[in-house]
1. Specify the angular offset, from 0 to 90 degrees and rounded to the nearest 10, of the alpha carbon long axis of helix 56-66 from the longest principal axis of the alpha carbons in the chain.
2. Any chance you could give the angle, 0 to 90 degrees and rounded to 10, that helix 43-52 forms with the longest Cα principal axis of the chain?
3. Quick one: helix 92-106 against the long Cα principal axis of the chain, what's the angle to the nearest 10°, folded into 0 to 90?
4. Roughly how many percent of the accessible protein surface of segment 9-85 is carbon and sulfur, given a 1.4 Å probe and a whole-percent answer?
Amino acid sequence: MPYTQSFSELNRDQIPAAGGKGANLGELAAAGFPVPAGFVLTTAAYEAFVQANALQDELVNLAQTAADGRPDSAEAAAAQIHALFRQGTIPDDLAGEIAAAYRELTASGRAAVAVRSSATAEDLPSASFAGQQETFLNIAGEDALLEAVK
């Protein structure tokens, strides 16, 4: 599975790999709506990052500590998970594919992009995570993009 997919490659069948928002952007683009060019990182990208940084066991442990129903333990676990990702390194093959997708996107003269975190279970008919994700605006350059993605 590729690490990136352009909006034009996506449809509702790719929700498990691209998430509801990405799949819906693909559906809108295919229907002729004026969707700006863009791409998503697939679940394969997330898995590659987690594996390359040996985070899986620690993420599971932190998620379990947050499952006790106490908001303070969930906030503490979330902060630790955030720190793990910030300290991680994007594998070279993943970084290369992200950079290539960015270069293709900016070849038309676009100088800056927006980076939005998301989840594959977001924006589904039965679930919504509105306000729980982050958006970074005016990201210019491959290094800044990779930091924003992390």
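The values are calculated or read from the model by the stated rules, or taken from the named source; none is laboratory data. Everything quoted here is computed from the prediction, not taken from an experiment. The area values use the complete protein model at the heavy-atom level, side chains included, leaving out ligands, DNA and RNA. Shrake-Rupley method; radii C 1.70, N 1.55, O 1.52, S 1.80 Å.
1. Helix 56-66 sits at roughly 60 degrees to that axis.
2. 50
3. The two axes meet at around 40 degrees.
4. Working: 2580 of 4520 Å².
C and S fraction of accessible area: 57 percent.
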